[in-house]
Structure formats: structure tokens, C-alpha cells
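A.B. asks: Here it is: the structure, laid out below.
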Amino acid sequence: MNKNELVSAVADAANISKSDAQSAVDAVFSVITGELKNGGDVRLVGFGNFSVSKRAASTGRNPQTGAAVKIPARTVPKFSAGKGLKDAVN
């Protein structure tokens, strides 16, 4: 399912127009992104948690040449599924 299909599904499920559903979906993504940018987390009970994880700097290898490559430290988004979502999938 891509974003347009998600918007259509939300519009049908909530019985609203596609433009209203598009605004709602964009707002949800924007709020989650903004909270993660600020170092916070978003907890949706029964669905899952969005959080930020820090990766330390490391040294990797170029697979073609075998030369050592420095990989800088970075902050990455992380999602962990909640019990409700896990149960629904299984």
C-alpha cells in the first residue's frame, strides 16, 4: 500500500473526502516527524512506538576494494510494534 492508497482507505473508513483524509494523513506524519526531530517519542497504545536511536561511529569496509571506511555517528528513527499490532498480524 502506498500513500495514495492509504489516503483512499482512510477516506473510505472514516467516511470523509479524500482531501480531508490527505490532510489528516499528512498531519499525522508531520507530527510524528516533528516529535522525533526534537528527540521525543510517539507511543500509540496497541499499535507501536516511534522513537529515536543513536548509532555510534564505526569502521566499515568497502566490499569492492576492501579499504576501511569511517561511518559517522548518526541518529536514526526506530519503530517497535505493539502487542495489538503483533496479534493482528499473526
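The values are calculated or read from the model by the stated rules, or taken from the named source; none is laboratory data. What you see is a predicted model, and the numbers here were worked out from it, not measured in a lab. Cβ placement follows ideal geometry from the backbone for every residue including glycine, while neighbour counts extend to all protein chains displayed. Ligands, DNA and RNA are stripped out before the accessible areas are found, and what is left, the full protein with its side chains, is counted by its heavy atoms. Shrake-Rupley method; radii C 1.70, N 1.55, O 1.52, S 1.80 Å.
A.B. asks: How large is the convex hull of the Cα atoms of the chain per residue, expressed in Å³ as a whole number?
C.D. replies: In the chain, the Cα hull volume divided by residue count equals 163 Å³.
A.B. asks: For segment 74-88, just list the computed ³J(HN,Hα) in residue order, Karplus coefficients 6.51, -1.76 and 1.60, θ = phi - 60°, integers in Hz, with x standing in for Gly and Pro.
C.D. replies: 7, 10, 10, x, 9, 10, 10, 6, x, 4, x, 5, 4, 5, 5
A.B. asks: Once amide H atoms are placed 1.01 Å from N in the peptide plane, what residues at a sequence separation of 5 or more from G48, or on another chain, have their amide H within under 5 Å of its amide H?
C.D. replies: G82
A.B. asks: Keeping the other protein chains in place, figure out the carbon and sulfur percent of the accessible area of the chain, with a 1.4 Å probe.
C.D. replies: 55 percent
A.B. asks: A further question follows. Tell me the net charge near P77. Cut-off is 12 Å between Cβ atoms, P77 excluded, with +1 for each Lys or Arg and -1 for each Asp or Glu.
C.D. replies: After counting each charged neighbour, the total is +3.
A.B. asks: Is there a quick way to get the dipole size of the chain? I mean about its Cα centre, with the Cβ of Lys and Arg at +1 and of Asp and Glu at -1; what is the value in debye to the nearest 20?
C.D. replies: The dipole of the chain has a size of about 680 debye.
A.B. asks: Now for a different question. From the cross-link list K37/K78; K18/K86; K3/K54, which pairs have alpha carbons spaced over 23 Å apart?
C.D. replies: K18/K86; K3/K54
A.B. asks: I'd like the distance separating the alpha-carbon centroids of segment 1-15 and segment 17-54, in whole Å.
C.D. replies: 16 Å
A.B. asks: Of the options T59, S17, S80, report the single residue whose Cα projects farthest towards the positive end of the charge dipole of the chain (beta-carbon charges: Lys, Arg +1; Asp, Glu -1).
C.D. replies: The residue sitting farthest along the positive end of the dipole is T59.
A.B. asks: Also, I was wondering about something else. Roughly what angle does helix 3-14 make with the longest principal axis of the chain, taking Cα atoms, 0 to 90 degrees, to the nearest 10?
C.D. replies: Tilt relative to the chain: about 30 degrees.
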